[in-house]
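Following: one structure in structure tokens, then a few remarks.
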Amino acid sequence: KNEVEQSPQNLTAQEGEFITINCSYSVGISALHWLQQHPGGGIVSLFMLSSGKKKHGRLIATINIQEKHSSLHITASHPRDSAVYICAVVYGGATNKLIFGTGTLLAVQP
Amino acid sequence: DGGITQSPKYLFRKEGQNVTLSCEQNLNHDAMYWYRQDPGQGLRLIYYSQIVNDFQKGDIAEGYSVSREKKESFPLTVTSAQKNPTAFYLCASSPSGNSPLHFGNGTRLTVT
């Protein structure tokens, strides 16, 4: 069993829909990253959080440390949101100790 | 604009040849990392460096080597000892060991 599990693996949505991507993990962590990888391969860091909730534009990330679960929400989705979304957990208190999920491929259709 | 530059974007080599992937950052970050991405798998850490002239092996360091002679540069050499070198390689940096990561655009290496 992977230490970081994302669901769903693939997601197709219509423009304007509310989207949720989930991340569950089995190790003790100090923080969790949400990353976005575009088709060209480059990765952008969306959020780094260790508790509660963060919001940036149409993106919202939440984490429940007790339940070992995090969600990434996209409101009013747009085709430009189409990408792979990756969850990564930080354990051991150092960024080098990251475990990455395999990603969720999101396609938003116009 | 500050950022991380990886070059080249695509690289082709024959089996048995060493190849060096470039990673340069102008963010003044102390920590730099190399990850490998394979289809269906999460990123895996190859090497990392927390400070100039120092680096540590990650989870899959065998067949790879690095150097950190300058703060802004962290080149990765894929040696002929790496059994399965064809992959997508990502370089990242952060201000310190527990900060958000900044990634480059990656280098896709194909070895035939």
Among the numbered criteria (1) more than 18 Å from A:Ile74 (Cα to Cα); (2) open to solvent by 50 Å² or more (accessible area, probe 1.4 Å), which single criterion is violated by A:Val27? (2)
Name the residue that is farthest from B:Gln37 (Cα to Cα), counting only residues in the stretch A:1-23 that are within 14 Å of chain B (Cβ to nearest Cβ) and open to solvent by less than 50 Å² (accessible area, probe 1.4 Å). A:Cys23
For the stretch A:40-59, how many residues meet the condition of being open to solvent by less than 30 Å² (accessible area, probe 1.4 Å) and either part of a strand (DSSP E or B) or at pLDDT 95 or above (or both)? 4
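For (1) at pLDDT below 95; (2) charged (D, E, K, R), each residue gets a yes or a no:
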| site | (1), (2) |
| --- | --- |
| B:Ile46 | no, no |
| B:Glu62 | no, yes |
| B:Ser65 | no, no |
| B:Glu72 | no, yes |
| B:Asn84 | yes, no |
| B:Ala87 | no, no |
| B:Pro95 | yes, no |
| B:Ser99 | yes, no |
Yes or no: the stretch A:66-75 includes at least one residue that is open to solvent by 60 Å² or more (accessible area, probe 1.4 Å) and touching a residue at least 40 places away in the same chain (Cβ under 8 Å). yes
Residue list for the stretch A:27-37, filter: within 14 Å of another protein chain (Cβ to nearest Cβ) and farther than 22 Å from B:Ala92 by Cα: A:Val27
How many residues does the stretch B:1-21 hold that are within 19 Å of A:Val44 (Cα to Cα) and either hydrophobic (A, V, I, L, M, F, W, C) or part of a strand (DSSP E or B) (or both)? 4
The listed residue being out of contact with any Pro (no Cβ under 9 Å at 6 or more places or on another chain) and facing chain A (nearest Cβ under 10 Å), out of B:Gln17, B:Gln6: B:Gln6
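The values are calculated or read from the model by the stated rules, or taken from the named source; none is laboratory data. These numbers come from a predicted model, not from an experiment. Neighbour counts are summed over all protein chains in view; Cβ atoms, including those assigned to glycine, are modelled from backbone coordinates with ideal geometry. What goes into the accessible areas is simple: the full protein's heavy atoms, side chains included, and nothing from ligands, DNA or RNA. Shrake-Rupley method; radii C 1.70, N 1.55, O 1.52, S 1.80 Å.
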